[in-house]
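The next block holds one structure in the form of structure tokens; read it before the comments.
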There are 2 protein chains.
Amino acid sequence: MAEAKIRLFVDQPLGSGQAVGLNPDQAHYLFGVMRLGPGAALRLFNGQDGEWRATVAQAGKRGGVLTCVEQTRPQQMPPDLWLLFAPIKKARTDFIVEKAVELGAARIMPVQTQHTNADRIRQDRLQAHALEAAEQCEGTFVPPVDELQALDKVLATWPADRHLLWCNEHLTGAATVLSRQERGPWAILIGPEGGFSEREQARLAAMPQVVQASLGPRILRADTAAVAAITLWQAALGDWR
Amino acid sequence: MAEAKIRLFVDQPLGSGQAVGLNPDQAHYLFGVMRLGPGAALRLFNGQDGEWRATVAQAGKRGGVLTCVEQTRPQQMPPDLWLLFAPIKKARTDFIVEKAVELGAARIMPVQTQHTNADRIRQDRLQAHALEAAEQCEGTFVPPVDELQALDKVLATWPADRHLLWCNEHLTGAATVLSRQERGPWAILIGPEGGFSEREQARLAAMPQVVQASLGPRILRADTAAVAAITLWQAALGDWR
């Protein structure tokens, strides 16, 4: 059986024979935009029960019901990796969120630093963007996107057992540094385009959880650094082996 | 002395005391848009002589002359890495070019595969985009962007001594595969969103220069795959150590 093309996130339990009710937006998308009718197949995921093939049981203008048929993909959780980054221009912030989902981050945390321009983000928009990235890239997990928090506050309550990779102009490359580290709870911190303030740098350097490493001899934009750092982490300590 | 903020690519020799003539576009940008006047400082690079501090000697509406003062950054050539990719939507193609420049690729080669939608690209626009990426990221090298070529043709004359990393669903991760390889001339091949045709796959698999590896268990968009693959290559065999 060919795989159904349409793939939808639903915030409901999925299981064999399970009925899934649709909200008006979902009904409009499936029946109005995509023109599905009763009996048509699609794929569902909810972030925890894997991906399921479902069929349309009832189609209406403002709602409808789907029936789960069989699991088509097991749930795939990412490794325990958080991505902290200072929001930049909208397009590049969207990009960082999209790439973090694709590459397999477990939590996305926008942080405000002393040199961050943004003093607010649209958390709901970024969360929707993360969901869309998972829908399009066959993912079964949607990382939560936190509200913007001050970096100082985040660091003040940083878990004792969670390593934090700080990519800066350190002498040793991230691949080498990470190859000497152990698996477990990790996070990656990507600074703002203007860099961290001296106070922030001193604070980070003093934290025992912080691991410093370089991302090569060139200057990378924040979005590039985020992708490169997640990639190297996944290859060394994540699930890319 | 504070570093001059404005950074300009010029297609002319740079050296101590060298006079650099400006074309009308450059004169408009420097004197009209950025409002530089005689004596003002800026930075220049030409892709081969490093970065130079220069000052405005003459400013005119349709031209002008700059004088090179001193080298502010040595020329930094990337490792001998080509990036081959199948062009996708405009924004993502631009993105691949920008990231290849930032991460340090020596040559950018758009290729047409059996499942590539694009049958033409704007080579001049992509080359200008590469130049702009180098200007903005403090790079001193601008990789050439080739015209679109058929992948078949490119492979038919592939250099015997150049390895080609083909990222697919191979069992072994790229970091592990690359850690067993030797430095030298390399290239990375990123397929179209629809994947390579069976014929293309058979051809690639039969080439002794081809090295297969995986980019993890998730499905990556072509632009993400390009950044991830260059990152892992740079960390293992390039200049990121």
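Some notes on this structure:
- Kirkwood Rh in Å, taken over chain A so that all alpha-carbon pairs contribute: 19.4 Å
- Environment charge of A:Ala41, counting only residues whose C-beta is closer than 12 Å and scoring Lys/Arg +1, Asp/Glu -1: +2
- Of all DSSP beta bridges confined to the stretch B:7-73, the antiparallel ones make up roughly 85%.
- Most fluctuating residue given options B:Glu98, B:Glu135, B:Glu182, as computed from a GNM of chain B linking Cα atoms under 10 Å: B:Glu182
- Close amide H pairs (under 5 Å, H built 1.01 Å from N) link A:Ile88 with A:Thr93, residues at least 5 positions away or on another chain.
- Between 0 and 90°, nearest 10: helix B:123-136 axis offset from chain B longest Cα axis: 60 degrees
- Around A:Pro185: net Lys/Arg minus Asp/Glu count, Cβ-Cβ under 12 Å: 0
- Per residue of peptide A:172-178, the mean number of Cβ atoms on other chains within 10 Å of the residue Cβ is 4.
- For peptide B:213-226, the mean count of partner chain Cβ atoms within 10 Å of a residue's Cβ comes to 5.
- Distances between every pair of Cα atoms in the protein assembly as shown, grouped in 20 Å steps from 0 to the bin holding the largest one, split as 21, 51, 25, 3 percent.
- In sequence order, calculated HN-Hα J values of the stretch A:79-94 (Karplus, 6.51, -1.76, 1.60; Hz; x Gly/Pro): x, 7, 10, 9, 10, 9, 8, 8, x, 10, 4, 3, 4, 6, 5, 4
- Annotation for B:Ile6 and B:Ser179: the two label points, set 7 Å from Cα along the Cα-Cβ direction, are 4.9 nm apart.
- The dipole here belongs to the stretch A:7-73: it is taken about the Cα centre, uses +1 on the Cβ of Lys and Arg and -1 on the Cβ of Asp and Glu, and is about 240 debye.
- The H on the amide N of B:Glu51, modeled in the peptide plane, is under 5 Å from the matching H of B:Thr72, B:Arg73, B:Gln75, each at least 5 residues off or on a different chain.
- Helix-only mean residue ellipticity at 222 nm for the protein assembly as shown, each DSSP H run of n ≥ 4 adding -39500 (n - 2.57), per residue, nearest 500: -8500 deg cm²/dmol
- Shielding by other protein chains, A:228-234, mean Cβ within 10 Å: 6
- In the stretch B:1-57, the trypsin sites (Lys or Arg not before Pro) that fall in loop regions by DSSP, at most 12 other Cβ within 10 Å: B:Lys5, B:Arg35
- A crude spin-label estimate for the pair B:Val69 and A:Thr67, with each label 7 Å from Cα along the Cβ direction, gives 7.9 nm.
The numbers here are math on the coordinates, done by the rules we state, and not lab data. Remember, it's a predicted structure, so these values are computed and weren't measured experimentally. Virtual Cβ from ideal backbone geometry, glycine too; neighbours counted across all protein chains shown.
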